[in-house]
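Every read-out reported here was derived from the displayed coordinates using simple, explicitly stated rules and does not represent laboratory data. Model, not experiment: these values are computed from the prediction. Ideal geometry is used to build each Cβ from the backbone, glycine not excepted, and the neighbour counts take in all protein chains shown.
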């Protein structure tokens, strides 16, 4: 029998779809906001990420998720994902490897997306995961309350000085975790003197889980603060195996091992996945020394994610 698998985008109190990755483990703050703008005067009070750099999570207009698999598992699937076991403990609500088409939808506050799917058999499930595309388009333009911001130019060849701006957009390009290693920081951002939505076609690729080396696995042994679940992240190639290089990455798995097992019965009719745009951009700013700030990076950050069963 088919029952409903339901996506809903709303404001949540939960934190961190990617709280298993290197950035979220550092516990970044939400950017200080005033009247819907980032409070530039408060940036100096953010705990430094490294040296003088400050990193915080900010709202975005929307982002696009492309989902390949949705799974619930009767035991921890780590060994199967890592290729150490051929026994797959998971039931797939959606699986492109079994003929389903990838699900792609825009996450924007207030939007809902749903489709019918066959829910798992009655039983106890201890973990669940989603496999999504490693490249995530983001519609992002950050407005500050003062003209103090400098960003990289659209050509990716230098900083947009000497004129500071209130607006920082993602630009018309893709950036990735590898760009941190190569020092391509000015390519992350673009500053504008006013809002220009047609320049906001930006995407971010998680082709590593570290900024200093290629890393394809992060297994968390610390409970996520909002749910008590244990979240791990894996980078895969086109064959569904662990990726071995930056260029090999095509998708990532975000897995939760539930702190309390979930029981599904014949009365369960809906699985709800909730996402929020409120803190999906992770930005890093560095003081210029003259009262302004360089915006050195924007990446996909905290999406505020939760799963519910009814």
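Among 278, 266, 88, which one shows the highest mean-square fluctuation when the chain is modelled as a Gaussian network with alpha-carbon springs under 10 Å? Looking only at 278, 266, 88, the largest GNM fluctuation is found for 266.
Which FRET efficiency, nearest 0.05, do residue 146 and residue 210 yield, Cβ-Cβ r, R0 41 Å? Can you show the working numbers first?
Details: r = 33 Å, r/R0 = 0.81.
So, using R0 = 41 Å, E works out to roughly 0.80.
Full extension from residue 88 to residue 101: what is 0.36 nm times the residue separation minus their Cα-Cα distance, to one decimal in nm?
2.6 nm
Report, for the chain, the % of DSSP beta bridges that are antiparallel, rounded to 5. The antiparallel proportion sits near 85 percent. Counting pairs of Cα atoms in region 3-309, how many percent are more than 35 Å apart? I get 20 percent for the Cα pairs in region 3-309 exceeding 35 Å.
Using only C-alpha atoms and all pairs of different ones, pull out the Kirkwood radius for region 237-310 in Å with one decimal.
Working: mean 1/r = 0.0598 Å⁻¹.
This gives a value of 16.7 Å.
For the pair region 208-224 / region 56-75, the C-alpha centres are spaced 17 Å from each other. Built from the Cα atoms of region 42-200, the convex hull projects on average onto 13.7 nm², one quarter of its surface area.
For region 38-99, what mean projected area does the convex hull of the alpha carbons give, in nm²?
Mean projected area of the Cα convex hull: 8.2 nm².
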